[in-house]
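Peer 1: Following this message is one structure expressed as structure tokens.
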Amino acid sequence: MVESDMRIILCCGGGFSTSILAKRMRAEAETRGLDCTVEAFAEIEMNDQMQNCDVCLIGPQISFYKDNLQKIACKYGTQVAVIPNMIYGMMKGDEALDQALSLISNEVNSD
């Protein structure tokens, strides 16, 4: 079971395209009755945002930033993954939320 009050952040070059996906993920979380926050940010904001989140999902167009973001996330115990192209391209909020929840669930189960 995942924790309540989860915070999921989405990262992309400017934070614009991921804001659409974040909105769909929030709607899906509300439909499921989950207590979570989903926000989108530009890559340059990640140093400030990473410390207070459970999961960071990265837009596939900046997947080359994953190693850098992983180094930041490691300090805070934040899970990081790249959103698959199909989920991102189709703006599938439900599947992106599932990806984030599985990362949180894996973290909880590995403790």
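The values are calculated or read from the model by the stated rules, or taken from the named source; none is laboratory data. Predicted model, so just to flag it, every value in this text is computed and none were measured. Counting neighbours? That spans all protein chains shown, and the Cβs are built from the backbone with ideal geometry, glycine included. Areas reflect the complete protein model, heavy atoms only, side chains present, ligands, DNA and RNA absent. Shrake-Rupley method; radii C 1.70, N 1.55, O 1.52, S 1.80 Å.
Peer 1: Quick one: count up the residues across region 2-42 that are assigned to a helix (DSSP H, G or I) and among the small types (G, A, S).
Peer 2: 5
Peer 1: Return yes or no: is L103 in a helix (DSSP H, G or I), touching a residue at least 24 places away in the same chain (Cβ under 8 Å) and either open to solvent by 10 Å² or more (accessible area, probe 1.4 Å) or among the acidic types (D, E) (or both)?
Peer 2: Considered against the rule, which asks whether it is in a helix (DSSP H, G or I), touching a residue at least 24 places away in the same chain (Cβ under 8 Å) and either open to solvent by 10 Å² or more (accessible area, probe 1.4 Å) or among the acidic types (D, E) (or both), L103 comes out as yes.
Peer 1: Here is a further query. For the subset of region 23-40 comprising residues that are of a type in the set (G, A, S) and without any contact (Cβ under 8 Å) to a residue 60 or more places away in the chain, which member is nearest to G93 (Cα to Cα)?
Peer 2: Step by step, filter region 23-40, then rank; the result is A40.
Peer 1: Out of the residues in region 41-50 meeting the condition of being open to solvent by 60 Å² or more (accessible area, probe 1.4 Å) and of a type outside the set (S, T, N, Q), tell me which one is farthest from M90 (Cα to Cα).
Peer 2: This residue is D48.
Peer 1: Report the residue count in region 51-96 for those that are hydrophobic (A, V, I, L, M, F, W, C), open to solvent by 20 Å² or more (accessible area, probe 1.4 Å) and assigned to a strand (DSSP E or B).
Peer 2: Residues in region 51-96 being hydrophobic (A, V, I, L, M, F, W, C), open to solvent by 20 Å² or more (accessible area, probe 1.4 Å) and assigned to a strand (DSSP E or B): 1 in total.
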